[in-house]
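Step one of this worksheet: look at the structure below.
The values are calculated or read from the model by the stated rules, or taken from the named source; none is laboratory data. Since this is a predicted model, take the numbers as computed values, not measurements. With ideal geometry, Cβ positions are generated from the backbone for all residues, glycine too; neighbour counts draw on all protein chains shown.
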Amino acid sequence: MARDITPDDWPVRVTDAQISAVTGAAAFARGRRYAETRRVSNLSVSGNGEIIAAAVRGSRGRVYQTMVFSESKGRHIDWRGSCSCPVGSDCKHTVALILAARRRATAAGAPPGDADWERRLTHMLRTRQTSRRAVAIEISAQDSGSHRTGRLGLLPLLAGRRGWVRQGISWQAVFGGHLEGQIAPEVLDCLEDLASMDSGGYFYYNSPRIPLETMPARVWDVLRRGVEAGVTLTTAQRGGNEVRILHGLRAGVGVRRRKDGTARISPSIDLSGVEGLITGGGRTPEPRPLGDPTHGYAMTGDDGVLNLMPLEPPPGEVLGRILRRNEHLTIPAADVERFESRHLGELAAAVPIIDLDPAMHLPETGEPVAVLRVGVDAARHRAETSWSIRYVTPSGENRGEAAVDDLTEVLDGPGPLEWSQWAGAPSGSAGAAAPAGAAAPTVRDRACEDRLARRIVNECLPLAQAHGPLWQRRVFEGMATARLVAQALPALEQVDGVVVEVVGEVPDYREAEEAPLITTDVAEDDERLDWFSLQVRVRVGDEDVPLDRLMTAVATGAEEVLLDSGRWVSLEDRPEIVRLARLMEEGRDLRDPEARSAGDLSVTPFQAGLYAELVRLGVVGEATRRWREGVERLLAVAAAAEAGDEALLLAIRQQNALTPAGIVDTGREQIALESTGRFLSESDMPVWLEVEPPDNELRNRRVGFYRRVGFTLNEHDYTQPAYEKSSQPVPLLVMTYPEAIPEPDIRFFCRQYHPLLTDYSLAGA
């Protein structure tokens with residue numbers, strides 16, 4: 001949280017000498033002037049007081065964001081500055097920020113009254129200066145010992161009684177702040193900017209001049225600004241000629257055929273568009289390059305005026321180097337045709353060709369587009385995306401293509417990637433070698449690719465939350481594929497410079513318009529008289545919704561279920577669908593292993609609870625007669641068992657459905673039973689279940705199923721007796737409802753009922 005500065009903050013303890021030691025004397029002097037002229041605004045403190053930030057108004061009204069980071073080490077304070085100005089750190093704006101912060105912190109701790117009264121009194125009593133000394137800059141050949149070097153240098157001059165004088169002004173005086181009040185502030189800003197461009201470093205000069213020919217390209221803006229502020233440019237202190245900055249100079253290379261059949265590439269400048277350049281009928285002097293790499297030229301006109309001409313537009317790295325070194329290249333006559341067909345376009349992409357031999361013709365150049373390829377596997381609802389940069393001519397010809405795994409690679413300035421396709425190659429011939437005589441691919445335009453990639457990434461950002469970083473190579477599965485095709489691709493197709501190419505058959509990905517319909521059927525099982533086949537179906541129009549897919553979607557919290565056709569069903573505002581899926585998941589242990597559908601359940605009358613849930617959902621009309629009879633029979637059997645009817649016990653043993661005292665027998669082959677519904681709610685007897693030990697996934701699921709109903713697993717050892725002479729006892733466990741039972745009750749049950757269950761004579765065995 002930002003706050004105001006206080007007397008306890010660290011700038012109060014920093015001296016002028018400490019600040020100057022970090023920034024240098026020149027930057028300190030300039031920053032002090034900025035602080036004294038109130039160029040620091042919006043000063044705030046953040047963190048624990050170690051960060052101070054402000055806006056600092058610099059030259060020509062530019063406002064820079066400046067920050068200072070500090071770290072206390074005992075009494076010593078280490079700090080570093082960061083600024084949005086061209087210097088970047090520990091600059092004059094940093095000095096101004098610290099001095100302004102120190103002044104404000106000191107004032108905050110002063111007693112009541114105007115702590116800054118002395119400065120304000122001085123300001124109150126000052127008289128407006130009606131005149132300041134004029135400034136000139138002499139631009140002439142530098143002296144080196146006893147001879148002229150021929151290199152142009154800049155020398156500051158002041159207006160004296162008899163013309164321009166050197167007394168009272170120097171580049172060292174500019175940095176030292178000795179000219180404040182003598183010349184206009186906007187002029188002083190320009191002089192400071194010029195001096196800061198000297199590669200020799202501030203005011204430690206071997207010569208009173210700073211070299212123009214080694215200054216960066218921004219020198220032209222500073223010189224123009226100085227002229228607008230009233231600075232005079234001249235060629236000499238006395239009797240000098242005018243110096244003018246002219247517009248319209250172009251530079252590039254020339255490609256010309258020679259009489260011997262060779263072709264020559266040479267640096268070239270075009271003076272025809274320079275406004276105000278005066279040349280006579282005589283020999284025009286040779287323009288002198290300025291800068292390294294070259295960014296302008298100097299030439300004396302026939303009128304004696306020194307013409308300074310910046311290149312427009314400023315040359316790139318390659319052209320600047322060619323101009324500075326005055327590089328020439330000769331193509332042998334035998335190779336000229338190959339140069340023209342394969343390399344002339346490459347040359348034109350790298351540097352402007354301002355003088356081309358009429359016998360030569362530039363190939364049609366291509367513009368970059370971003371190609372998004374989407375491979376779709378309809379059977380698996382799977383999609384893979386990839387990007388490439390393709391260059392296409394205005395006539396539609398493919399001039400080359402390069403794969404890009406991530407469009408942000410282009411933003412970082414990619415290296416020389418190999419073309420995946422030669423110009424004019426048919427689709428699918430990636431990596432094929434170009435045939436003899438084929439046109440060369442267009443050279444990649446890095447700046448244009450950068451602009452294209454930035455625009456595409458910006459367009460992809462709003463889509464990232466739903467589809468991820470689409471500017472990268474991606475793989476999509478299921479609903480992600482459907483959303484990609486139905487939502488993202490149409491949006492990307494509208495982006496200028498994007499070509500979407502889809503490979504494969506694409507399903508009709510869209511949300512289903514029809515509401516899902518749940519249906520069930522209950523069919524009797526001919527082989528197991530007390531069992532029924534429960535079939536659950538969910539349909540959307542004429543298409544089934546796979547129940548396993550529905551259950552997976554609900555379990556994972558998905559919002560849609562994708563159908564085989566490509567349509568999807570939204571689960572929002574569909575509570576009956578969600579509840580059904582959960583019921584089917586809970587009842588999966590009831591599923592016939594040989595069932596073809598997740599909706600096919602094998603059910604006994606004891607699963608009345610499951611069936612009742614479906615009834616409550618409103619998807620089952622009326623239970624079958626056998627189902628109702630089965631549930632009623634179950635209740636009657638339980639009542640008879642409580643009375644100890646041995647004949648009924650015999651029937652139970654033969655049917656292998658129930659054990660005495662309301663015990664539900666699962667056996668080895670019987671799937672876990674849901675002992676819920678009316679039986680549990682209306683019976684006041686304890687219910688016993690024999691279950692297999694939960695030592696694998698299936699058995700564990702069964703035990704968990706019964707636990708959710710309300711049963712408790714007893715850990716006492718229990719063995720199910722052999723119901724036939726040919727069989728063997730089976731080690732099991734007992735689950736009980738509504739509570740656990742002690743081990744003596746288990747032993748009592750075994751003594752009481754196991755003899756009855758193993759009396760084979762009762763069965764006529």
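Scanning segment 340-361 for residues that are modelled with pLDDT of 85 or more, of a type in the set (D, E) and outside any strand (DSSP E or B) yields E340, D357.
Only one of these is under 18 Å from the mean Cα position of the chain (by Cα) and either at pLDDT 90 or above or outside the structural domain of E397 (by TED's automatic domain parsing) (or both): V475, V503, V499. Name it. Spell out how you get there, then give the answer.
Working: V503 fails: under 18 Å from the mean Cα position of the chain (by Cα); V499 fails: under 18 Å from the mean Cα position of the chain (by Cα).
Among V475, V503, V499, only V475 is under 18 Å from the mean Cα position of the chain (by Cα) and either at pLDDT 90 or above or outside the structural domain of E397 (by TED's automatic domain parsing) (or both).
Within segment 454-469, the residues that satisfy the criterion of being surrounded by 15 or more Cβ atoms within 10 Å (Cβ to Cβ) and over 21 Å from A558 (Cβ atoms) are R455, I456, V457, E459, C460, P469.
Summed over segment 665-700, residues that are loosely packed, with under 15 Cβ neighbours inside 10 Å, at pLDDT 80 or above and more than 21 Å from P742 (Cα to Cα) total 4. Figure legend. Inter-residue proximity from segment 9-30: first residues farther than 11 Å from V95 by Cα, second residues of a type in the set (S, T, N, Q), beta-carbon distance below 6 Å, spacing 6+ or different chains. Indicated pairs: W10/S70. Taking segment 702-748 as the range and being surrounded by fewer than 17 Cβ atoms within 10 Å (Cβ to Cβ), under 24 Å from R582 (Cβ atoms) and basic (K, R) as the test, the residues that pass are R707, R708. Among the residues of segment 362-413, which ones are of a type in the set (S, T, Y) and part of a loop (DSSP other than H, G, I, E, B)? Hits for segment 362-413 are T365, T393, S395. If you go through segment 296-307 and keep only what is buried (at least 23 other Cβ atoms within 10 Å of the Cβ) and closer than 16 Å to P211 by Cα, you end up with G296, Y297.
Condition check ((1) farther than 30 Å from A229 by Cβ; (2) in contact with a His (Cβ under 8 Å, 6 or more places away or on another chain); (3) in a loop (DSSP other than H, G, I, E, B); (4) at pLDDT 80 or above) across all residues:
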| site | (1), (2), (3), (4) |
| --- | --- |
| A29 | no, no, no, yes |
| I52 | yes, no, no, yes |
| T66 | no, yes, no, yes |
| W79 | yes, no, no, yes |
| A115 | yes, no, yes, no |
